[in-house]
1. Kindly indicate which of Arg27, Arg41, Arg58 is part of a helix (DSSP H, G or I), within 30 Å of Leu119 (Cα to Cα) and at pLDDT 85 or above.
2. If Arg47 passes every condition in (1) charged (D, E, K, R); (2) exposed (fewer than 10 other Cβ atoms within 10 Å of the Cβ); (3) more than 30 Å from Tyr122 (Cβ to Cβ) but one, which one does it miss?
3. Would you say Ala75 is of a type in the set (Gly, Ala, Ser), farther than 30 Å from Arg106 by Cβ and part of a helix (DSSP H, G or I)?
4. When you scan region 105-127, how many residues do you find that are exposed (fewer than 11 other Cβ atoms within 10 Å of the Cβ) and closer than 28 Å to Val61 by Cα?
Amino acid sequence: MRKQLRRRGNDAPDSPAALARLQEVAREQTERFGPYADQARVNAEQRLRQARCWTAPRLEVAAHRVEDTVAPRVADLLSLAAHRVEPNRARRGLIAARRNGRRVPRFVVFAGVAGAGALAVYGALKLRKAAQDAEWQENLDQAREQVRETREQLTTKAKEARDKVSRTAEEQASTDAPAEEESPRDFNGRVKR
């Protein structure tokens, strides 16, 4: 048997009292779950940073593998396709090939387009890497300049400290020397001659 719930007149969701009660519950839940949300945000940031640190070297290795393995193969394939497509020395060009009744195979055309696309991607990757290398070199030069300046400052401070210590030692020696000349006795109590 189905029960029907009756709504009270003052408990309708549109009434101001119900809205106020819902707002109060929402505030309490916000206060209750706020620290958990902050902790979850911090954990998510840490996990994202860890994932990026894990992924970056693997992407770098994959890029080097593509440069070392795929690019030479594509170049060989393109040069082979060029030799196959090239007409006799007497007749050059696609028109001569068409007059002869031969058509350029689709595979060769697709291979050429794929090779050109691969070369474009390879070139874009090389340009991007060159830009990053230039930026890293600039940062390295700045770091070297800062190290050099710091070394110069430390050297200057060390010289100043050494000069100050030597001046203090000389002053101390000059003030101690007359005291020894005035006393007629040596340290062990003997009279000096």
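The values are calculated or read from the model by the stated rules, or taken from the named source; none is laboratory data. Since we're looking at a predicted model, the values are computed, not measured. Cβ placement follows ideal geometry from the backbone for every residue including glycine, while neighbour counts extend to all protein chains displayed.
1. Matching residue, one of Arg27, Arg41, Arg58: Arg58.
2. The number of the failed condition is (2).
3. no
4. Final tally of qualifying residues: 5.
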